[in-house]
1. With +1 on the Cβ of every Lys and Arg and -1 on the Cβ of every Asp and Glu, and nothing else charged, how large is the dipole of the chain about its Cα centre, in debye rounded to the nearest 20?
2. Taking the chain as the reference, fit the longest principal axis to its C-alpha atoms, fit the long axis of helix 87-119 to the helix C-alpha atoms, and give the angle between the two in degrees, 0 to 90, nearest 10.
3. Once you order the gyration tensor axes a ≥ b ≥ c over the Cα atoms, which shape class does the range 8-100 get: rounded for a/c under 1.5, otherwise prolate or oblate by comparing a/b with b/c?
4. Could you tell me how many degrees, from 0 to 90 and to the nearest 10, lie between the Cα long axis of helix 38-47 and the main elongation axis, the longest principal axis, of the Cα atoms of the chain?
5. Tell me the volume per residue, in Å³, of the convex hull enclosing the alpha carbons of the chain.
6. If you roll a 1.4 Å probe over the range 120-214 with all protein chains in place, what percent of the accessible area is carbon or sulfur?
7. What is the calculated FRET efficiency for ARG207 to ARG100, with r their C-beta to C-beta distance and R₀ = 41 Å, to the nearest 0.05?
8. Treating the beta-carbon of each Lys and Arg as +1 and of each Asp and Glu as -1, no other charges, what is the dipole magnitude of the range 96-231 about its Cα centre, to the nearest 20 debye?
Amino acid sequence: MSDSLTVAPTKDPRRVRAADGSILTVPAGWALLPPGDAGLTRRVKAAGPSWTVVEKKGRKIFSQGVWAPEAHITAARAALEAERATPAYARRREADVRRREREQAEYEVDFANAVLRFLAFAPTFIAQAKKLAVAVSAHATPVGSGTVARTERIPIERRAEAAVIAWMRHQTTAYDNLSIARVKGARREVRRELAEVSRAVLDLHRRDTPHLPAACPLCTALARLGAAPSP
């Protein structure tokens, strides 16, 4: 078989399961390229037929590598290593790092501002709003964090809202210590109920009426973070 396929692993390391359920044997002369080097993987796939091995666990899909002719892997690796050894490549890498750092810094600011817009706290609680925006952004925006802030499937306004509710679930409720029944939908229902509680707490800060900080779960959580930023 010479087609490029996406397959699933089996207990036999040199046999895989095709999309139609059939079991295929890895062709002679092929080797498994482990995941982790996207540039090398792209070159190997472009060189000819290959079988991409993926394993689904729950809703997530994990790469287990790519089967391809060993000669293609060897040639692609040698060419890539030679390219990566050049000064020009080093300069591109440095420029890419600076660009990603700049984009990340800009996104952190944009996200914190989106959080502030969602909070819409009254003037009395502006300091708390800024502190909460910084805390939520610091938690949600790091690359690789896997949080809702890193997805592009929804607008940044909805990301900001979801990130605030998630932060409050862990910081202002007893969620982390709850014993939740292991039945379908139970955890989702608990999260929905706690989200309503968190929204009610947020609403308290949208009214320009002072309240006792010690009795407010949000003010208490923010106090644990240290001094609030200056307006």
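The values are calculated or read from the model by the stated rules, or taken from the named source; none is laboratory data. Remember, predicted model here, so these are calculated numbers, not experimental data. All Cβ positions, even for glycine, are placed from backbone atoms using ideal geometry, and neighbour counts span all protein chains on display. Side chains are part of the model used for accessible areas, which takes the heavy atoms of the whole protein and leaves out ligands, DNA and RNA. Shrake-Rupley method; radii C 1.70, N 1.55, O 1.52, S 1.80 Å.
1. Its charge dipole is roughly 340 debye.
2. On a 0 to 90 degree scale, this one is about 30.
3. Values: a/c = 3.62, a/b = 1.71, b/c = 2.12.
Oblate.
4. 30 degrees
5. Residue-normalised Cα hull volume stands at 180 Å³.
6. 54 percent
7. Working: r = 41 Å, r/R0 = 1.00.
Result of the calculation: an efficiency of 0.50.
8. Computed about the Cα centre, the dipole is about 340 debye.
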